[in-house]
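Structure record follows, encoded as structure tokens.
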Amino acid sequence: MTRHDMGIDGRLYFHDAADASETKEALISVKGGGVNVTHVRDLRGTVEREAAAIGVLLCMEEPTRPMLREAADAGFYTSPAGTQHPRLQILTVAQLLNGQRLDLPAWHDVRTFKKAPKAKGAKRKDAELF
């Protein structure tokens, strides 16, 4: 973990409230090999520090039992719709390639970017191509 990224390799933003006014965040940590329970504990601390809804550990190797236990001990994120989603999730690259998805609330849209504001001013006519 470098000082710059603070253990965060990616962020996934989602909305799960009826009015979509509050953006929630899932933090993603990627580990290439040699994963262990310490990586899950580090992710848990990062999720708590950043006040994120969910944390995801993406790794090449299968998680160990202590890793799964630590993730389970983090509990659940409960959406405004009442659905529960594991607060810490561990996925392997193989699982992702086989179609497994993150367990996120499916109520509203998922965005990895901020929506650009609409342009102000007069509407312009499209230029002719020929």
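The values are calculated or read from the model by the stated rules, or taken from the named source; none is laboratory data. Note that the structure is a prediction, hence the values are computed from the model and not measured. Every residue, glycine as well, gets a Cβ built from its backbone with ideal geometry; the counts of neighbours run over all protein chains shown. Calculation scope for accessible area: heavy atoms of the full protein, side chains included, ligands and nucleic acids excluded. Shrake-Rupley method; radii C 1.70, N 1.55, O 1.52, S 1.80 Å.
Based on this model, can you work out whether Gly32 counts as over 16 Å from Gly7 (Cα atoms), open to solvent by 40 Å² or more (accessible area, probe 1.4 Å) and either modelled with pLDDT of 95 or more or more than 17 Å from the chain's Cα centre (by Cα) (or both)?
It is false that Gly32 is over 16 Å from Gly7 (Cα atoms), open to solvent by 40 Å² or more (accessible area, probe 1.4 Å) and either modelled with pLDDT of 95 or more or more than 17 Å from the chain's Cα centre (by Cα) (or both).
Kindly indicate the residue of the range 38-51 that is surrounded by 18 or more Cβ atoms within 10 Å (Cβ to Cβ) and touching a residue at least 40 places away in the same chain (Cβ under 8 Å) and also farthest from Ala26 (Cα to Cα) among those meeting that condition.
Ranking the qualifying residues of the range 38-51, first place goes to Val40.
Would the range 97-104 turn up any residue that is in a loop (DSSP other than H, G, I, E, B) and touching a helix residue (DSSP H, G or I) at 6+ places or on another chain (Cβ under 8 Å)?
Scanning the range 97-104 turns up no residue that is in a loop (DSSP other than H, G, I, E, B) and touching a helix residue (DSSP H, G or I) at 6+ places or on another chain (Cβ under 8 Å).
Could you check the range 4-14 and list, in sequence order, the residues that are surrounded by 17 or more Cβ atoms within 10 Å (Cβ to Cβ) and either modelled with pLDDT of 95 or more or in contact with an Asp or Glu (Cβ under 6 Å, 6 or more places away or on another chain) (or both)?
Gly7
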